[in-house]
Structure formats: C-alpha cells, structure tokens
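Single-structure report; data block below.
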Amino acid sequence: MAELDSDILLRVSDLTTAFDTDAGQLTAVDGVSFDVRRGRTLGIVGESGCGKSVTAMSIMRLLPQPMGKILDGEVLFDGRNLATIPAEDMRSIRGNRISMIFQEPMTALNPVHRIGKQICEGLTQHNELSPDEAWQKAVEMLEKVGIPSPEIRATEYPHQLSGGMRQRVVIAIALACGPELVIADEPTTALDVTIQAQILQLINNLQRDLGMSVMLITHDLGVIAETCDEVCVMYAGRVVERAPVREIFANPRHAYTQGLLNSIPRLDGIPKTELNIIDGMVPALSELKPGCRFASRSGREHEPELLVERQPLNEITPGHWVEACPVCTRG
Amino acid sequence: MNNGTPILSTDELRMHFPVKGGVFQRAVAACKAVDGVSLTIEPGETLGLVGESGCGKSTLGKTIARLYEPTSGGIAFEGNELAGLSRRQLKPFRREIQMIFQDPYESLNPRHTVGAIVEEPFVIHKMGSRSERRQWVAELLAKVGLPESAAQRYPFEFSGGQRQRIGIARAIALKPRLLICDEPVSALDVSIQSQVLNLLMELQREMGLSYLFISHDLAVVKHISDRIAVMYLGRIVELAPAEEIYNNPVHAYTKALISAIPVPDPTHVPDRVILEGDVPTPIDPPDGCRFAPRSGAEHAPEMLTTLAPFKEISPGHWVEACPVCTGR
Ligand SMILES: Nc1ncnc2c1ncn2[C@@H]1O[C@H](COP(=O)(O)OP(=O)(O)O)[C@@H](O)[C@H]1O
Ligand SMILES: Nc1ncnc2c1ncn2[C@@H]1O[C@H](COP(=O)(O)OP(=O)(O)O)[C@@H](O)[C@H]1O
Ligand code: SF4
Ligand code: SF4
Ligand SMILES: [Mg+2]
Ligand SMILES: [Mg+2]
C-alpha cells in the first residue's frame, strides 16, 4: 500500500461497487478515483443516478446488505484501507473520525428521542464522558451550529423543529466528535435558498474553525462554485473529469462537463432564449458499456473503437484529470 | 406591455385555511396562505412567481385554477369574473386554465396508458370520435417530443423528464390560454430541466399561451419570465420586469432572496445578506410589513401595524414597502 502525501486525508482509488439485483449484478460505481485534501472541500457533481451516494456509502461502509458490495479498489484513510478493515474497526471510525450529513435530516434523526440525547449518543459511544459532560457538550454543539436557546432545544424532539433547524441538528451530531472528514450528501437540496445560504455558511465556518475536510455531494453547480476547492464530475458511475474549481469552470474538457455547464440557466443570461441542452438521457445501469458512456449524447463524431474500450485517464495540466479519448482531451 | 384586457387578473385575492385545534377540532386560527394578492397576466406573457416554501405560491396557483374556492377577492379571466360562479357556469372557463405540477407522477394515473391519460380531457369534454381523439393524442405526443409508441405504455416506464412531457401534453390538449406551472422542473436534473424549459418556451410561442411560472429556482424563473412577482407570507411584495427585479431589487426581502442564489462562477464574490431564522408560517402574520420582524433592520412600530401601499416606483416596477426600503 502506497504511503499518502501528508496533504491528502483520503484517497479513493479504482473504487468499484455493485449491487446484486434480479437483473444480475449491476455496477453502480465503476473504478472511481479521487483525493480529499486536508482542510479542503472536494465537490462531487453529476446527475441523479451517476453514483454519488453509492460512492459515499462505499467509503462509509454503509452499503445496503447483502446486495451492495465493494468489488475492487481502495479507500485509504490514515494508512488503512477502509474497504477491507474489520467491521468493528470501521464502527470506531464512522461517526467519530469520518461522519456523514444526509439530504433528508429526518432519516438521520430518531423521532422518539430528544435532540440532546441523540447528540450525546455519538459522544459517549466514541469518548469516555459522564452523562452530564456529554449533555453539556451536546448543548454546546447546538449553540455552535446556531440554534437559539440551545438548552431548551436540546430537550425537544425533531418534529418540533423546522427543516433548516433539523439540518443544523444533524450537523451538530456529525461534528460532535470532531471528525477529520465530513461527507455531506446533498445537505441543502431540500432547503430554501435562504436557508441553504445559512447552512453552507455554517459548514464553511465550522470547517475553518475545526480544520476538517469536507466531501460535498451536490447537483448544484452554484453550490460547487461557491464552496469547493476541487471538483469531481461523475457520469454513469465514473469520474469523467476532476480539477481545481476555477479550472473546471474556466477550462472544462470533457463533453459532459461542458454540456452540464452550458445547460444551466444563468442570472446573466438572455431571458427567453433557447437553452443549450444535452440530448437524450443517462443510460440505465443494465445498459452500460465499457467505452465512453457519454459518446452517444455528446453530439461529436465518433470512431467506433472509442466506444469499445475504456478511455485513459490523463492529467492535462497539474491537477486537472480527464478520462476521455483524444477528441475530448485535446479540448 | 399590453393595453388590452389581461388574460387573468386577481383583485385582493385571499385564500385562508382554518387551523383546527382543541378537543372539538374547531377552527382556532386562520392560515392566511394567500392574503390580498392583486396581479395581472397578459396574453402570451410569463409571470414568474418566487418565494420561500410555504409563502403561498401553490395555493395562489390552485386558487387561480379554481381548485379552491377563494375566501374573498376577485379572479377575472379575460375580464369575466370567476369568483362565485357555480360549477356549471365555471365549466367553459375550466378548459382555459390548466395546471402542471412538480411531480407529474402523482397526477398521472399509474393504471392508465399514456394514450388514455392524454385523451382524458377530450373524453371529459365529450369531444371528437374515437379515431379523431386518437389522432389528436398522436399529434399532442409529437408536439411535446414523445414517440407515437408512448401512447401504449404506462407512466412508470418513463423518466422524470418524459413524465413531465406527458403532463404537459395533457395540460395543453384543450388548447388552454393560461397554464399554471407549479415547480415543473424542480425535480429534474439540469440537462433535462433545460429540455423541458425549451419545450415550454416553444409551446408558448406556437400557441400564444400565458404562464404563471412558480419556482423556487430564481435562475430558472429569470430565464423564462417576462415579469417576476416576489411573494412573502401570502402577499406580493415586489413585481417588476425580470431584468429589473434582478438589477434593481428594492424590497429588503427581494434583495435577500436574490443574494442567496449561489452563482455558478467561482470567480464571483458573493455579496450576501444572510437572513436570520426560518421561514415563518402564515398563521397570525403581522398586520404591517410581514418581513419587518425578519429583516434585521430597526423599525418604527407603525410599520408592523400598517401596510405600505403597493406603489409603482418606476414604469412597471411595483413594491409594497415603506420609505426605508424604497429609499425615499
Ligand atoms: N440498493 C440498491 N440496489 C440496486 N441499485 C442501487 C441501489 N442503490 C443505488 N442503486 C443504483 O446505483 C446507481 C447510483 O445511485 P446513487 O449513487 O444513489 O446516485 P446519485 O448520484 O443520484 O446519488 C443508480 O443507478 C441506482 O439506481
Ligand atoms: N389544503 C391546505 N389546508 C391547510 N393549509 C394549507 C393547505 N395548503 C397549503 N396550506 C398552508 O398554506 C401555506 C402556503 O402553502 P403553499 O401554498 O403550499 O406554499 P408554497 O407553494 O409557496 O410552498 C403553508 O403554511 C401551508 O401549510
Ligand atoms: S469525444 Fe471521446 S471522451 Fe468525448 S464524449 Fe466522445 S468518446 Fe467520450
Ligand atoms: S424597511 Fe419597511 S418595507 Fe422594508 S422590511 Fe422593514 S418594514 Fe418592511
Ligand atoms: Mg444521491
Ligand atoms: Mg408549492
């Protein structure tokens, strides 16, 4: 196992995850590689079904059992491969050194337990704290995530809070143990833009204060532009392009990245004009071919052999990687 | 804009829902989802409607489509007053105003073929022979970009974007004049979203449709709308041409809402007004400016008790705000 550069907290290489289904084994994540750097935010963007959540679940070892399996690849964290360590070791990392924030806070919260108690649970599981100390810490966390009257809120139940407040509670739980990495899977998708702005600012401030790394999954390119240092663009189970955020917006190479950036309506665009589109639809998992999966939608001329084999991953400028044939790679 | 009769106008429209409580489940308060909305939609125009969730956008749309009986106020279709009409009197107007929803799946009967779903409006209105209706369905499917073979299939066999096309085909079947689009692209991925937006813009040009386009995605609304209305707790606080509302927002709420939109440009430095607290509920809203308690500004007490007039501060730019917000 290779030693990691000290700047890199998490290295995912060639991660491949599949599900056993009635239609046979389907590969949802197909050889995905990326790094999360210390104290930085990596964004993962792509349309629904492209494998963002399955990637996160694979890292966390939270795949639905027994259908979900990591078939191949490594998830290197602190010198260990999380894909293969014993389940018990993973339990002591999960919620402690790596924690997760989901889109729908109610799925992460227990409706019948007081909020304070739910924060305490994570704390006492991973630390030796007396019940009083844990409660104190829970109230402190609620205060840190901007919940007014935290002592009172700690005694309340999830249904007594608004959506935005619940997401703050989930963040408090995720951050209570001072994780080194937080994986946030569409944390603001269900919220209004005004509340989204609060939550993103909160994550940003906490990251600065606590020095953690964030892996932020979203389909919103605006959120990516504002919060991420690096970006991975996923399509049909693969990372087609990854680069520093400014580079990906200024110099996208893959036809998919370009299509995605061109198709969003922009505030400074000309109203009521035809929007650029990406023709067709994302292919189903059962129809995936080894070659470039975007070829048929790209509107480019293709030689048949490009579609047969997987395209190479090339670093075109430092830190800017594209998995593409020469047509896309040259730009 | 247009000096003739608007397609639709509302006058001090109110839609209040009773909030029940106590042992006897009596109405203990009113949820003032729509609380005095006056607006117009011109022929061929798209009026965008934005605001946070719960501010009353869907209720306003459904009240205009007469799915609800309004609590008070007027709704006129091409100058004809609809409020207070009986079911029978309403019938000729029903086909003129149609609705499309965020999740077309919920509004499409899963046990019917797409052909039967799109044909249904003709059946209800007893139009055409069987073979004529078949022909119309085929034309409608082609118009919204679905293959003819779609008619024999069921909604679950289609993706979200295609289902939205089915919903649109049904909604335009009777050649309505006004389409209420309630978050029609909110559940779709960006690439599919732009396909559906293009379709809506094309149908508008072809059929001369007017749209009330409801969305919480302000970039989408900006792209598709001629004018935009900003709603807060049951009232329209600002209404202006699309470019104007983004370039010169006046109401503190409009400013906060626009500044919260993440811009897909990493070189852009956001100049953001972060609103404190949550979206409030429209139960017992303040009598005066509904946004005052959340605006973070110091306010003279009378602003919380009396509403500022809805004023035209420049041509076509209307604001309901006190002099502090309007800056004069
Ligand atoms: N439990 C499961 N069984 C079978 N297929 C699954 C399961 N969970 C996810 N998938 C499939 O894996 C693919 C990737 O899903 P996901 O990672 O959730 O996408 P997203 O990028 O929207 O988060 C999808 O095609 C999805 O249908
Ligand atoms: N049928 C109903 N009965 C009671 N209250 C309702 C009903 N529909 C909506 N409301 C309430 O009216 C307010 C406005 O809701 P809605 O129009 O759905 O807002 P939006 O579409 O802007 O999110 C909310 O407080 C909501 O709870
Ligand atoms: S040009 Fe190459 S990499 Fe680009 S879409 Fe076509 S096959 Fe894929
Ligand atoms: S300044 Fe006036 S109009 Fe603006 S938020 Fe305050 S009360 Fe409302
Ligand atoms: Mg997901
Ligand atoms: Mg709504």
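The values are calculated or read from the model by the stated rules, or taken from the named source; none is laboratory data. As the structure is a prediction and not an experimental result, all values here were calculated from the model. Cβ atoms come from the backbone with ideal geometry, glycine included; neighbour counts cover every protein chain shown.
If I go through segment B:33-73 residue by residue, how many of them are within 8 Å of ligand 2 (Cβ to nearest atom) and either farther than 20 Å from B:Phe101 by Cβ or assigned to a strand (DSSP E or B) (or both)?
At the first step, the residues of segment B:33-73 found to be within 8 Å of ligand 2 (Cβ to nearest atom) are B:33-34, B:51-62, B:68.
Still in the running and either farther than 20 Å from B:Phe101 by Cβ or assigned to a strand (DSSP E or B) (or both): B:33-34.
Count: 2.
Number of residues in segment A:261-278 that are more than 7 Å from chain B (Cβ to nearest Cβ) and either within 26 Å of the chain's Cα centre (by Cα) or buried (at least 17 other Cβ atoms within 10 Å of the Cβ) (or both): the value is 2.
The residues of segment A:285-320 that are modelled with pLDDT of 90 or more, in a loop (DSSP other than H, G, I, E, B) and within 16 Å of ligand 1 (Cβ to nearest atom), listed by number, are A:Leu288, A:Arg293, A:Phe294.
Quick grid of which residues meet (1) in contact with a strand residue (DSSP E or B) (Cβ under 9 Å, 6 or more places away or on another chain); (2) surrounded by fewer than 22 Cβ atoms within 10 Å (Cβ to Cβ); (3) within 13 Å of chain B (Cβ to nearest Cβ); (4) over 22 Å from A:Asp30 (Cα atoms):
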{"site": "A:Leu202", "(1), (2), (3), (4)": "no, yes, yes, yes"}
{"site": "A:Gln207", "(1), (2), (3), (4)": "yes, yes, no, yes"}
{"site": "A:Leu210", "(1), (2), (3), (4)": "no, yes, no, yes"}
{"site": "A:Ser213", "(1), (2), (3), (4)": "yes, no, no, yes"}
{"site": "A:Ile217", "(1), (2), (3), (4)": "yes, no, no, no"}
{"site": "A:Gly237", "(1), (2), (3), (4)": "yes, no, no, no"}
{"site": "A:Glu247", "(1), (2), (3), (4)": "yes, yes, yes, yes"}
{"site": "A:Ala250", "(1), (2), (3), (4)": "no, yes, yes, yes"}
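Of (1) without any contact (Cβ under 8 Å) to a residue 12 or more places away in the chain; (2) of a type outside the set (D, E, K, R); (3) within 16 Å of ligand 5 (Cβ to nearest atom), B:Pro147 satisfies all except one. Which? It fails just one condition, (3). Applying the criterion of being in a helix (DSSP H, G or I) and free of Cβ contacts under 8 Å to residues at least 60 places away in the same chain to the residues of segment A:141-150, the residue that is farthest from the other protein chains (Cβ to nearest Cβ) is A:Met141.
Based on what the data block shows, is A:Thr17 farther than 25 Å from A:Gln65 by Cβ, in contact with a helix residue (DSSP H, G or I) (Cβ under 9 Å, 6 or more places away or on another chain) and of a type in the set (Val, Ile, Thr)? Spelling it out, it is not the case that A:Thr17 is farther than 25 Å from A:Gln65 by Cβ, in contact with a helix residue (DSSP H, G or I) (Cβ under 9 Å, 6 or more places away or on another chain) and of a type in the set (Val, Ile, Thr). Restricting the first member to segment B:74-90 and to residues that are on the phi > 0 side of the Ramachandran plot, and the second to residues that are surrounded by 15 or more Cβ atoms within 10 Å (Cβ to Cβ), the beta-carbon pairs closer than 6 Å and six or more apart or on different chains are B:Glu78/B:Thr5; B:Gly79/B:Thr5.
A residue that is of a type in the set (D, E, K, R) and crowded, with 22+ Cβ neighbours inside 10 Å cannot be found anywhere in segment A:183-191.
Each row is one residue, and each column tells you yes or no for (1) in contact with a helix residue (DSSP H, G or I) (Cβ under 9 Å, 6 or more places away or on another chain); (2) within 16 Å of ligand 5 (Cβ to nearest atom); (3) in a loop (DSSP other than H, G, I, E, B).
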site	(1), (2), (3)
B:Met99	yes, no, no
B:Asn109	yes, no, yes
B:His112	yes, no, yes
B:Ala116	yes, no, no
B:Met127	yes, no, yes
B:Glu132	yes, no, no
B:Gln135	no, no, no
B:Ala138	yes, no, no
B:Leu141	yes, no, no
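If you go through segment B:15-31 and pick out every residue that is modelled with pLDDT of 95 or more and more than 16 Å from ligand 6 (Cβ to nearest atom), you end up with 1. For A:Glu186, the stated conditions hold: it is under 30 Å from A:Ser6 (Cα atoms) and within 14 Å of chain B (Cβ to nearest Cβ).
Considering segment A:235-259 alone, what residues qualify as being aliphatic (A, V, I, L, M) and in contact with a helix residue (DSSP H, G or I) (Cβ under 6 Å, 6 or more places away or on another chain)? Full working, then the answer.
First pass over segment A:235-259, keeping only residues aliphatic (A, V, I, L, M): A:236, A:239-240, A:243, A:245, A:248, A:250, A:255.
Residues satisfying the conditions are A:Val240, A:Ala255.
All conditions in (1) among the acidic types (Asp, Glu); (2) in contact (Cβ under 8 Å) with a residue 12 or more places away in the chain; (3) away from chain B (no Cβ under 14 Å) hold for A:Glu305, with the sole exception of (2).
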